[in-house]
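Visitor: Handing you this structure, nothing more for now.
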Amino acid sequence: MKTSFLLIAFVLIIQSCTPTAPPTPAATTYHPMDLSIPNFTNANGYQQQKTMDLKTHAYSFTASQAATITKLGYQPWVTGITYKLALWQVGNTTPLATITVTPSTIGVMQFFPLSTPVAVTTGNTYIVSRMYISGGPTGYTSDFVGNVANMNGNSVYPYTQQAITFTDGYFTDNFDPLLTGSNTVNAPNNTLLPFLDVEYQ
């Protein structure tokens, strides 16, 4: 009896002395466009516009280090409209990720998680896009309008925030911002930056 009691006590002492592993720290997340908006809308000489009325708004970007994109973000000019957000790699005709969203807030960037995070690497160019799907009072051009930033008509590209460099803007009535040619409406534009964002780690 005494031996069993001492053995149990010894085991309990050993267990109580075993160090507990510290919790894994949460990964740091970044939102490059979210930080850019105040620079474009508040700094002297910059403007915010709400005049781009093509269905798809997009911009291309590169990364200075490998990163994992976990969410896509959009700041709409009005609520109640459904969009498709997509992430593309230039050179591929199929998007790396798509999500259909109906943002519920205006005035702030709202982020939506991807079903599967997407790894981006240096040396490649990517595009993040939003396309009008449905909603709004008319279902036509006035509902396609989206927030864009500009600098009195001057180029806003290239523009770097953290590890991301925005390289060009794209505006089109096609879902795929990479399409070009006589049968498409595609307006590359280096003076307009859509209020689209990525969350990456």
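Visitor: Would you mention how many residues in segment 96-138 are over 17 Å from ALA67 (Cα atoms) and assigned to a loop (DSSP other than H, G, I, E, B)?
Guide: Qualifying residue count, segment 96-138: 11.
Visitor: Go through segment 68-78 and give me each residue that's surrounded by fewer than 20 Cβ atoms within 10 Å (Cβ to Cβ), under 23 Å from ASP53 (Cα atoms) and either modelled with pLDDT of 95 or more or among the acidic types (Asp, Glu) (or both).
Guide: none
Visitor: I need the strands (runs of 3 or more DSSP E) fully contained in segment 139-201, keeping only those with at least 2 residues that are modelled with pLDDT of 85 or more, in contact with a Phe, Trp or Tyr (Cβ under 7 Å, 6 or more places away or on another chain) and open to solvent by 30 Å² or more (accessible area, probe 1.4 Å).
Guide: 164-172
Visitor: Scan (1) in a strand (DSSP E or B); (2) surrounded by 13 or more Cβ atoms within 10 Å (Cβ to Cβ); (3) within 18 Å of the chain's Cα centre (by Cα) for the single condition ILE37 breaks and write down its number.
Guide: (1)
Visitor: Next up: Mind checking which residues of segment 79-98 are surrounded by fewer than 16 Cβ atoms within 10 Å (Cβ to Cβ) and either closer than 18 Å to TYR59 by Cα or among the hydrophobic types (A, V, I, L, M, F, W, C) (or both)?
Guide: VAL90, GLY91, ASN92, THR93, THR94
Visitor: Also: Does PHE112 satisfy the criteria of being open to solvent by less than 50 Å² (accessible area, probe 1.4 Å) and at pLDDT 95 or above?
Guide: Yes; evaluated as a whole, the condition is true for this residue.
Visitor: Going through TYR132, TYR126 one at a time, which residue ends up being within 20 Å of ALA63 (Cα to Cα), surrounded by 13 or more Cβ atoms within 10 Å (Cβ to Cβ) and among the aromatic types (Phe, Trp, Tyr)?
Guide: Answer to the selection: TYR126.
The values are calculated or read from the model by the stated rules, or taken from the named source; none is laboratory data. Bear in mind that the values here come from a model prediction, so they are computed numbers and not experimental data. All Cβ positions, even for glycine, are placed from backbone atoms using ideal geometry, and neighbour counts span all protein chains on display. Each accessible area value is taken on the protein alone, full model and side chains, heavy atoms only, with ligands, DNA and RNA left out. Shrake-Rupley method; radii C 1.70, N 1.55, O 1.52, S 1.80 Å.
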